[in-house]
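The values are calculated or read from the model by the stated rules, or taken from the named source; none is laboratory data. Everything quoted here is computed from the prediction, not taken from an experiment. So basically every Cβ, Gly included, is an ideal-geometry build from the backbone, and we count neighbours across all protein chains shown. These area figures cover heavy atoms from the full protein model, side chains too; ligands, DNA and RNA do not enter into them. Shrake-Rupley method; radii C 1.70, N 1.55, O 1.52, S 1.80 Å.
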Amino acid sequence: VQLQASGGGLVQAGGSLRLSCAASRRTTTNNGMGWFRQAPGKEREFVAAISWNGGLTNYAGSVKDRFTISRDRTKNTVNLQMNSLKPEDTAVYYCAASRSAVASSDSRMYAYWGQGTLVTVSS
């Protein structure tokens with residue numbers, strides 16, 4: 001399975017970006033999907049996850065009420081709408097496909113990872 005993330009870029013604080021992740025195979029249709037990020041000099045952290053059918057979502061406290069994860073199982077894509085961006089949201093964002101169907105925040109549950117897309121939020 002290959003995951004291709006896109007949509008990153010430079011945005012001012014308070015702005016919005018929409019990240020997309022396309023999976024190469026429909027294998028991920030029945031898997032939970034997630035977004036993680038890694039800022040310079042920091043460890044990778046969980047951002048958001050969605051269950052196999054989109055019925056359950058899970059967010060890190062730092063992005064709750066600002067970010068929204070969604071998926072289109074017919075197109076095998078997962079999106080992350082990011083609003084009210086802050087400079088501390090600056091990071092490389094990675095999409096990942098879980099080994100299970102749930103919306104897990106544990107990176108160890110994820111078997112496949114995309115290459116990452118850079119989000120830079122200026123103050």
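Gap in Å between the Cα centre of the range 108-123 and the Cα centre of the range 1-36?
Between the Cα centre of the range 1-36 and that of the range 108-123, the gap is 8 Å.
Using Cα positions and a limit of under 15 Å, work out the aspartates and glutamates in reach of residue 86, with same-chain residues fewer than 8 apart set aside.
65
So which GluC sites (Glu not before Pro) in the range 1-104 pass both tests, a DSSP loop state and at most 11 other Cβ atoms within 10 Å of the Cβ?
43
Accessible area of the range 1-112 with a 1.4 Å probe: how many percent of it is carbon plus sulfur?
Summing carbon and sulfur atoms, their accessible area is 46 percent of the total for the range 1-112.
Test of understanding: express the Cα radius of gyration of the range 60-123 as a ratio to 2.2 N^0.38 Å, with N the residue count.
Ratio of Cα Rg to 2.2 N^0.38 Å: 1.20.
Give the accessible surface of the range 66-106 per residue, rounded to a whole number of Å², with probe radius 1.4 Å and ligands, DNA and RNA excluded.
That works out to 41 Å² for each residue.
Take every Cα pair under 8 Å in the chain that's 6+ residues apart, average their separations, divide by the length, and report that relative contact order as a whole percent.
Relative contact order here is 37 percent.
Hey, got a sec? Which trypsin sites (Lys or Arg not before Pro) in the range 1-54 land in a DSSP loop and have at most 10 other Cβ atoms within 10 Å?
42
If we restrict to alpha carbons, what Rg and Dmax does the chain come to, in Å?
13.1, 40
Starting from the Cα of residue 84, step 7 Å along the direction of its Cβ; do the same at residue 107; then give the gap between the two resulting points in nm.
2.6 nm
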